[in-house]
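The values are calculated or read from the model by the stated rules, or taken from the named source; none is laboratory data. Everything quoted here is computed from the prediction, not taken from an experiment. All Cβ positions, glycine included, derive from the backbone under ideal geometry; neighbour counts span all protein chains shown.
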Amino acid sequence: MDLFEYQGKQYFARYDIPVSRGNVAVTVDEAVAAADAAGYPVVVKAQVQVGGRGKAGGIKLANDAAEVRTHAGNILGMDIKGHVVKRVWVENASDIAEEYYASFTLDRGAKKHLLMLSKEGGVEIEEVAATNPAAILMLHIDPVDGLNAAAAMKAAIDAKIPEKAQQGVADILVKLYRCFVEGDCDLAEINPLILKPTGEVHALDAKVSLDANADFRHPEWEEFKATEELDAREKLAREKGLQYIGLEGTVGIIANGAGLAMSTLDVVNQVGGTAANFLDIGGGANADLMAGALEVINSDKAVKSIFINIFGGITRGEEVAKGIVEALGRVDLRAPIVIRLDGTNAEEGREILKNAGIPESKLTSKPTMLEAAEAAVALAK
Amino acid sequence: MAIFVDQNTKVIVQGLTGGQGKYHGLRNKAYGTQVVAGVTPGKGGTDVEGIPVYNSVAEAVGATGATASFVTVPPKAASAAILEAAAAGITFIVCITEGIPAQDEARTYNTLVRDYPKVRLLGPNCPGIISPGKCNIGITAGEIAELPSAKGPNVGIVSRSGTLTYQALYELKQRGIGVSTCVGIGGDPVPGTSFIDCLREFQADPETHAIIMIGEIGGSAEEEAAEFIKANVTKPMSAYIAGVTAPAGKKMGHAGAIVSGGKGTAQGKMDALRAAGVKVGQNPTEAGSLMAEIVAGLK
């Protein structure tokens, strides 16, 4: 789950990472109240999960209430690369002497935590990585050892952070690491991490991605979930407990298992079609799940055909078939189904489908993944 | 021969009294696996259809001499269960639990590496391992695995994805090609066993004559495997990578993008494997057909 900047800053504040005084606002009046409380001058920042906000006019400096009114009025409702701005973050403006970069993530290859620290922050870090990789310190941290104050200080020195900022950077690294580990982040990133003319080091931005698997031990994440930006199809799928990602194509996909679902997308693409979604129905493809999945797919007006790709391992073919028949009784589908049912008891399953009295215009069965994909794509054209 | 597990492997099930543990534990036993005990704290002294249950792994190991464990406990308890098994002398741990926090996985893996270097963890979030006709630990339906033939050639399977592992087994069964061992390593961020670990074992196993590898997008495990194959694997291989058309991952921000450094796309992985001499199919069926050609050439 990706957090908005203001949520990331609120999350950082829980771990004593210094952030600017400010508040979030959904109306112009709230923005002015937030600015009054934060103290002028303030920065009004669009809260969208996409890069390039500044260039799009989504970040503005305001010296008084009238300017806040103007900028907040312009930014709220603005469309930034397809993301409509629903909230602004209004914070006390900081004077900046220098800009650095710091992040923690998990390096899957090394199976260790990875600190990236650079004295060249404030710009896209990919650009620094491409043009001047030596400017980024990459340090692996054993999750069993963690990161102590001495190691953080050494990292600041090795990254050639100027001496006057080393202690402040090291302090923040220790706190950010705690936030990353105890806060169950996939990513905790500060860009820019600034040095003020007065000597303090401070997080001017926050990019935080949380590990959904750790949800059970973070009741404080509830408020973040409320603001998650999902399209209508994704919302419906989540309510039904399905793994769903909306796409732009015309063939609706239902498969059991993430790998098979991905593979199904590939095969549809190979035979000249486009997938409308990724949907993993999981291990137990029973009638309730199948009905839920069909409802979600049915809510997508772009869908012209539905490809159900089930491989029975533990899930037995006849159970899947019964589930589909029952689901068809509950959901009135706009698009025809092509099914490929393979694996354990697939024969029995196909027999059930054949004898269920469903007209062929609504459901056809194909013996292999490729043939089923071809049939589904033909129906979608 | 087979890799990691065979007919002599004695297995305990941590979580045998739970719904999943009971279902799969009994299925594994019915397949012929030596499932010798279950472990559930507080339920010691009871039994599940004749399989004795102990309060701790140490007690179960002491009573049965088991060396392998099948961990099927909820995400909150899985890390502790894995470490308990390692401390009790289990050397092969299969964890099918889905949904363990990444931070827990990272800490558990590195604790095993440091304190129990002889222990192998398979998973978490994997379908398990089957050496057909000998031993099945996990959730694979044994009947879709073709038995290895005495004169060969037999194929080893290693896969990152659950259902595609079954698909690979099925493709070989359809063609009557025997399987030495099929390992599902799981798709979580910190898998205990990597492609390379399995490839090394398959290369050394005299009963394995060719290898199928099933990968997917994300990370760089397939690229690392390709490097290993180039230098160390002489047995012929076919492969499939899922996710050519999958949408770009939304999960990671800038930091992730740099770590992968252009690695992680299906195309990049397929290119790396081809460059290592692996025959790469566009879908699982094609990977199966390519393997059938390889096997025909070995006969």
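Worth a mention:
- Boolean, A:Lys154 is touching an Asp or Glu at 6+ places or on another chain (Cβ under 8 Å) and within 19 Å of A:Leu173 (Cα to Cα): no
- Restricting the range A:220-264 to residues that are among the hydroxyl-bearing types (Ser, Thr, Tyr) and within 23 Å of A:Gly82 (Cβ to Cβ), the residue that is nearest to the other protein chains (Cβ to nearest Cβ) is A:Tyr244.
- When each of B:Pro127, B:Pro148 is tested for being under 30 Å from B:Lys235 (Cβ atoms) and at pLDDT below 95, the lone residue that passes is B:Pro127.
- The criterion of at least 3 residues that are of a type in the set (S, T, N, Q) and within 14 Å of another protein chain (Cβ to nearest Cβ) is met, among helices (runs of 4 or more DSSP H) falling completely within the range B:158-247, by B:162-174.
- Test: residue in the range B:100-108 that is of a type in the set (D, E, K, R), assigned to a loop (DSSP other than H, G, I, E, B) and either at the interface with chain A (Cβ under 9 Å from one of its Cβ atoms) or buried (at least 24 other Cβ atoms within 10 Å of the Cβ) (or both): no
- Candidates are the residues of the range A:103-136 that are more than 10 Å from every other protein chain (Cβ to nearest Cβ) and in a strand (DSSP E or B); the one that is farthest from B:Asp197 (Cα to Cα) is A:Ser118.
- Scanning the range A:344-381 for residues that are within 14 Å of chain B (Cβ to nearest Cβ), touching a Ser or Thr at 6+ places or on another chain (Cβ under 8 Å) and not small (Gly, Ala, Ser) returns A:Thr344, A:Thr368, A:Met369, A:Leu370, A:Val377.
- Members of the range A:118-142 found to be in contact with a helix residue (DSSP H, G or I) (Cβ under 7 Å, 6 or more places away or on another chain) and closer than 22 Å to A:Asp211 by Cα, listed by number: A:Leu139, A:Asp142
- The set of residues in the range B:271-286 being at pLDDT 95 or above, in contact with a strand residue (DSSP E or B) (Cβ under 7 Å, 6 or more places away or on another chain) and part of a helix (DSSP H, G or I) consists of B:Leu273, B:Arg274.
- Residue in the range B:128-144 that is over 30 Å from A:Ile141 (Cα atoms) and either without any contact (Cβ under 8 Å) to a residue 12 or more places away in the chain or aromatic (Phe, Trp, Tyr) (or both) present: yes
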